[in-house]
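Beneath this line is the structure, given in structure tokens, with notes to follow.
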Amino acid sequence: MNNNRIERVLAKMEEKNLTQMIVCDPMSIRYLTGIWVQPFERLYALLLKADGKHTFFLNHLFYIPKTPFIEVWYSDMDDYVGMIADAVDPEKPLGIDKEWPAKFLISLQERLPQMKTVLGSDCVDDCRAVKDAEEIELMTEASRINDVVIERAAAYVHDGITEKELADFIDAEYKKMGCSGNSFDTIVSFGPNAADQHHEPDSNAVLQDGQCVLIDMGCVWKNYCSDMTRTYYWKSVDDEQKKIHDLVREANEAAEAIIKPGVRFCDIDAEARKVINGAGYGEYWKIRLGHFIGQVDHEKGDVSPTNTAVAEPGMIFSIEPGIYIPDKYGVRIEDLVLVTEDGYQLLNHVDKKWKVLGE
């Protein structure tokens, strides 16, 4: 059990005048307890209470070590929603996890129509957004592995290679490094395919001279994710692509340069947008600048024009401006950034300048 994390969540609940909350996201439960269960369609919930009398609701199918919580075990034939109804105080608001299926929530609401239910996920999500020392160490190592593997991938590029072949190479290198998997499906895009921001590697897309090679990749190291993007060129690069790559890098670095505690995320986004819009390429970048990351590649929180929240020490998020010109090519440069007490620290260290491979 991570008592410090649980206490932080209870403090957030107090701020929202909540004395009870259901947590069901398996990632959030692992964050708080160290226990991992993939429940699939079955009910799986941790009921947190301000008085410290927390209750775990578990199907007999699950296996967990003994916990300090009250454990309520049920079978598929039991009235498990009724068990939760018996455990909560219907006279007080109940915080609900955003991931809790409607089939459980609506059934509980029908049984306790007098009880007010409110979205309570922020109590956990806001704590998950600020990484502790253990999480920072794991994510730093995940990014170090990403740095190593992307440089191996760049060296592996050769005549006749396909997008799928390069993506498979990256995935195999992660396994060699001891990773448990990918934080998302590896993206490899050649030439015009790089304008598709979530392009799936194609086994028929063969690399041609002068094409860009966009690689967006991330691994999972001891349950924590990494994420980075670099864009290279095969054999040669024309002046327009050099210009666009330099522009994207400038936007990336301009945004990173202002990161420190207290800076609004919308202002970080604006720094990158100022560069790209000012050069006349704003129509080719229509998404946010970045996203938060941790146990999953996209956690709650983003770097966008609409997010007026401020950066805090311990937060880790991506900075990934891009320019995507349909039917021609795309460029994305992405780092993970850790907010420190007085500024920021890059978790990725691979050179961001445009580079020609295979010369």
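Throughout, read-outs are computed from the coordinates displayed, never taken from laboratory work. All of these numbers come straight from a predicted model, not from anything done at the bench. Neighbour counts are summed over all protein chains in view; Cβ atoms, including those assigned to glycine, are modelled from backbone coordinates with ideal geometry.
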- Fraction of antiparallel bridges per DSSP, the chain only, in percent to nearest 5: 75
- Query: Taking N as the number of residues in the chain, what value does Rg over Cα atoms divided by 2.2 N^0.38 Å take?
  - Reply: 1.12
- Note on the structure: Residues meeting the amide H criterion for Tyr344 (H placed from the backbone, H to H distance under 5 Å, 5 or more places apart or on another chain) are none
- Task: Just the number, please: percent antiparallel of the DSSP beta bridges in region 3-128, rounded to the nearest 5.
- Result: 40
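Suppose R0 equals 35 Å. What FRET efficiency, 1/(1 + (r/R0)^6) with r the Cβ-Cβ distance, do Lys300 and Ser236 give to the nearest 0.05? Mind dumping the intermediate values first?
Working: r = 43 Å, r/R0 = 1.22.
The calculated FRET efficiency here is 0.25.
About its Cα centre, how strong a charge dipole does region 129-217 have in debye, to the nearest 20, once Lys and Arg get +1 and Asp and Glu get -1 at the Cβ?
On the way: 6 positive and 19 negative charges, 30 e Å.
Using Cβ point charges on Lys, Arg, Asp and Glu, region 129-217 gives about 140 debye.
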- Task: Measure nothing but the geometry: give the 0 to 90° angle between the long axis through the Cα atoms of 3-15 and the longest principal axis through the Cα atoms of the chain, rounded to 10°.
- Result: 80
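Calculate, in nm to one decimal, what Thr340 and Ile258 gain on full extension: separation in residues at 0.36 nm each, minus their alpha carbon distance.
Values: separation 82, 0.36 × 82 = 29.52 nm, distance 1.23 nm.
Answer, rounded to one decimal: 28.3 nm.
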- Query: Using a simple charge model, +1 on the beta-carbon of Lys and Arg, -1 on the beta-carbon of Asp and Glu, nothing else, what dipole does region 42-199 show about its Cα centre, in debye to the nearest 20?
  - Reply: 420
- What lysines could a cross-link reach from Lys12, if we take a straight Cα to Cα line under 22 Å and drop same-chain neighbours fewer than 8 places away? Lys49, Lys53, Lys92, Lys98, Lys116, Lys131, Lys300
- Item | Label point at Glu15 placed 7 Å out along Cα→Cβ; residues across region 113-134 whose backbone nitrogen lies under 12 Å | 122-130
- Two pseudo-spin positions, 7 Å from Cα along C-beta at Asp132 and at Tyr156, lie apart in nanometres by 3.6
- Would you be so kind as to identify which of Cys212, Gly191, Thr229 lies farthest towards the positive end of the dipole of region 191-232, taking Lys and Arg as +1 and Asp and Glu as -1 on Cβ and the Cα centre as origin? Thr229
- Sorted peptide list for 273-283, 241-251, criterion being average Cβ within 10 angstrom, highest first: 241-251, 273-283
- Cysteines without a disulfide-compatible neighbour (Cβ-Cβ under 4.7 Å), the chain: Cys24, Cys123, Cys127, Cys212, Cys225, Cys266
- Query: Hey, what angle do you get for helix 265-278 against the long axis of the chain, alpha-carbon based, 0 to 90 degrees rounded to 10?
  - Reply: 20
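When ranked by the protection proxy of mean other Cβ atoms within 10 Å per residue, highest first, what sequence do the peptides 149-156, 106-113 form?
Values: 149-156: 16.9, 106-113: 14.4.
Top of the packing list down: 149-156, 106-113.
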- Calc'd 3J(HN,Hα), region 245-260, phi into Karplus 6.51 cos²θ - 1.76 cosθ + 1.60 (θ = phi - 60°), Hz, glycine/Pro = x, comes to 4, 4, 5, 5, 4, 4, 5, 4, 6, 5, 5, 5, 5, 9, 6, 6
- Query: What dipole magnitude, in Debye to the nearest 20, does the chain give about its Cα centre under +1 on Lys/Arg Cβ and -1 on Asp/Glu Cβ?
  - Reply: 500
- Note on the structure: As straight-line cross-link partners of Lys274, the qualifying lysines (C-alpha separation under 24 Å, not fewer than 8 residues apart within one chain) are Lys242, Lys243, Lys260, Lys286, Lys328, Lys352, Lys353
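Give the Kirkwood hydrodynamic radius (Å, one decimal) of region 1-119, defined as one over the mean of 1/r across all pairs of different Cα atoms.
Working: mean 1/r = 0.0691 Å⁻¹.
Evaluated over region 1-119, this radius sits at 14.5 Å.
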- Message: Through the Karplus equation 6.51 cos²θ - 1.76 cosθ + 1.60, θ set to phi - 60°, convert the phi angles of region 63-79 into ³J(HN,Hα) values in whole Hz; use x for Gly and Pro.
- Response: 10, 9, x, 4, 10, x, 8, 6, 10, 10, 9, 9, 9, 4, 8, 7, 8
- Specify the inter-centroid distance of region 98-117 and region 300-359, based on alpha-carbon positions, in whole Å. 39
- Query: Taking the mean number of other Cβ atoms within 10 Å as a proxy for protection, how do you rank 183-195, 4-16 from highest to lowest?
  - Reply: 183-195, 4-16
